[in-house]
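Asker: Structure provided below as structure tokens; questions to follow.
Every number in this text was worked out from the coordinates using simple rules, so none of it is lab data. The shown structure was predicted, so the numbers you read here are calculated from the model rather than taken from an experiment. Positions of Cβ are generated from backbone atoms using ideal geometry, with glycine treated the same way; all protein chains shown enter the neighbour counts.
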Ligand SMILES: O=P(O)(O)OP(=O)(O)OP(=O)(O)OC[C@H]1O[C@@H](n2cnc3c(O)ncnc32)[C@H](O)[C@@H]1O
Ligand SMILES: [Ca+2]
């Protein structure tokens, strides 16, 4: 018994100092690990919001974007959280009843009120950008376009958001912001990667934007936009062709076929068996074609389909002018275009149409695409309607024309070849956000893309905490090892008698 007591007394681990040091060490480690865990626990994220209304020629759409509140400057962080399609036509179609243009936006705006948390309403910027439909109305009747904007502005200001104004985007802005959107969403800007060109096909205009290595912007300055984003310089080529959206090109094509004011036309771009009576005054009621109206036309004409892709391509080609080019190279209508450099993302009507026609796969050879269009266009109208009972008839009637226009615009207009056609991707969304000019527009107006690359800490926070914890553990082990001379096995064993 006495020997046991003696052993207990002599065991250095049982001295108060070592016990206190051990306890403090354990507490320190528990504290460190707790801090590390707590620091890295996911905290509920706070978001900021922005709303953009895309007032296109054919319709208006509302987009809500959100991004983490404390990280305005980080790329790839702004995402579309909601979209709403405004019922009815584009705001430019309300020229004779402007108040209705404002009213038309109400439902989507109410939806936005629900989707953006109430607390954030007042600090949420709200923008409206109008494109080719309003550009045309402004050319035709600037007073009417002003009235539409007044009505739209008054309607939007009734909502609790931070209204930042409504205006017409220039074609250059529309093209450039579409390019920013797709490259931002694809994380190409911050990393300084090769960029994607943007092809946007609307109802009234179409845009092409891309970076070409051997293009410095000097040949045609009006087609050049320079950006400095995240420390990288970009020299973007962009052009917007007003009147070359698919609705206006359809007018141009019909105008071409009704030059002599006939009462009936046999249109190769519509299916055999398609027949509709159309009004001359409605067809020519657009600045894109108004100057071509036949002098002595009847009131109506009968629009009959014939369903012939090749002839349709000839009609579509007639809307392009290839005769003059004062630059080293042009696309069409005497517009400069540098050498194409892919890849390209093609969105809006490019996607709607090619998706309907099952032609979004660009590894399908161009020749095969043309064969498919040939057989699609030749399909009788009755059969087409039977095969697609749920598709809007106005869309359905035009897919043959639109598909033909898309292929002709890309190959004859922009000079895509059988080879470079496969550089195009028909896209609707990138990582959940719609491809279009709206996101780029908002990023620009909220200064969310810095010119210079933001400084990043050498280590992420979690890495920092982990390293501190591991180092503390190592120090503690070292400390224990340094007490080795005091360990029981190292001290002299008491003899038990
Ligand atoms: O850019 P602008 O020229 O102002 O026009 P927009 O913004 O209104 O044009 P969209 O991209 O919304 O649509 C382009 C065209 O595609 C048509 N469209 C929209 N959805 C479609 C669908 O599902 N199928 C076929 N066409 C569609 C629409 O009517 C237009 O003619
Ligand atoms: Ca558009």
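Asker: Starting from the eigenvalues of the Cα gyration tensor, five times each then square-rooted, give me the equivalent ellipsoid semi-axes of segment 171-438, largest first, whole Å. Show your work: numbers first, answer last.
Answerer: Values: eigenvalues 227, 92, 50 Å².
Working from the Cα gyration tensor, I get semi-axes of 34, 21, 16 Å.
Asker: Below 8 Å between Cα atoms, with a sequence gap of 6+, how large is the relative contact order for segment 171-438 in percent? Mind showing how you got there, number by number?
Answerer: Details: 508 pairs, mean separation 63.4, N = 268.
Relative contact order here is 24 percent.
Asker: Could I ask something else about it? What list do you get for 135, 120, 228, 251 if you sort them by fewest beta carbons within 10 Å? Let's see the in-between values first.
Answerer: Numbers: 135 24, 120 16, 228 12, 251 21.
Taking fewest neighbouring Cβ atoms as first place, the list is 228, 120, 251, 135.
Asker: If one takes the longest principal axis of the Cα atoms in the chain, at what angle in degrees, from 0 to 90 and to the nearest 10, does the Cα axis of helix 366-378 lie?
Answerer: 50 degrees
Asker: As an exercise, use a Förster radius of 51 Å and the Cβ-Cβ distance of residue 358 and residue 471 to find the FRET efficiency, rounded to the nearest 0.05.
Answerer: That pair, residue 358 with residue 471, gives E of 0.30.
Asker: So between residue 447 and residue 278, what do we pick up on full extension, going 0.36 nm a residue minus the alpha carbon distance?
Answerer: Values: separation 169, 0.36 × 169 = 60.84 nm, distance 4.81 nm.
Working it through step by step, the gained length comes to 56.0 nm.
Asker: For segment 145-286, what ratio Rg/Rh do Cα atoms give with a Kirkwood hydrodynamic radius?
Answerer: Checking Rg against Rh, the ratio lands at 1.10.
Asker: What ranking do 215-225, 348-358, 413-423 get when scored by the average of other Cβ atoms within 10 Å per residue, highest first? Each step should come with its number before you reach the end.
Answerer: On the way: 215-225: 15.2, 348-358: 19.5, 413-423: 16.8.
Output ranking for 215-225, 348-358, 413-423: 348-358, 413-423, 215-225.
Asker: Can you give the angle from 0 to 90° between the axis of helix 106-115 and the longest principal axis of the chain, with both taken from C-alpha atoms, to the nearest 10?
Answerer: 10 degrees
Asker: Another one. How much length is gained on full extension from residue 15 to residue 327, taking 0.36 nm per residue of separation minus their Cα-Cα distance? Before the final figure, lay out the partial values.
Answerer: Numbers: separation 312, 0.36 × 312 = 112.32 nm, distance 9.30 nm.
Between residue 15 and residue 327, full extension yields 103.0 nm more.
Asker: Below 8 Å between Cα atoms, with a sequence gap of 6+, how large is the relative contact order for the chain in percent? The partial results should precede the final answer.
Answerer: On the way: 860 pairs, mean separation 83.0, N = 497.
Relative contact order here is 17 percent.
Asker: Still on this structure: Counting only Cα, what are the radius of gyration and maximum Cα-Cα distance Dmax of segment 191-260, in Å?
Answerer: Every Cα atom of segment 191-260 included, Rg and Dmax give 16.3, 57 Å.
Asker: Oh, and also: What is the spread of the Cα atoms of segment 339-388 along each of their three principal axes, largest first, in whole Å?
Answerer: Extents along the principal axes: 42, 23, 16 Å.
Asker: So if each residue of separation counts as 0.36 nm, and I subtract the Cα-Cα distance between residue 299 and residue 120, what length gain in nm does that give?
Answerer: So the extension gain works out to 59.0 nm.
Asker: Oh, and also: What is the angle, in °, between the Cα long axis of helix 16-40 and the longest principal axis of the Cα atoms in the chain? Nearest 10 is fine, range 0 to 90.
Answerer: The answer is roughly 0 degrees.
Asker: First obtain the Kirkwood hydrodynamic radius of segment 95-136 from its Cα pairs, then insert it into the Stokes-Einstein equation at 10 °C and 1.306 mPa s, and state the resulting D in µm² per second as a whole number.
Answerer: Numbers: Rh = 12.4 Å.
Calculated translational D: 128 µm²/s.
Asker: For the chain, what size does the Cα cloud have along each of its three principal axes, sorted from largest down, in whole Å?
Answerer: Rounded to whole Å, the extents work out to 131, 52, 52 Å.
Asker: Based on the alpha carbons, how large is the Rg to Rh ratio for segment 311-368 when Rh follows Kirkwood? Write out the running numbers ahead of the final one.
Answerer: Numbers: Rg = 14.5 Å, Rh = 14.1 Å.
My calculation of the ratio gives 1.03.
Asker: Using just the helices of the chain, give the 222 nm mean residue ellipticity in deg cm²/dmol: DSSP H runs with n ≥ 4 each add -39,500 (n - 2.57), and the total is spread over all residues, rounded to 500.
Answerer: Numbers: 16 runs with 191 residues, N = 497.
Value at 222 nm, helices only, nearest 500: -12000 deg cm²/dmol.
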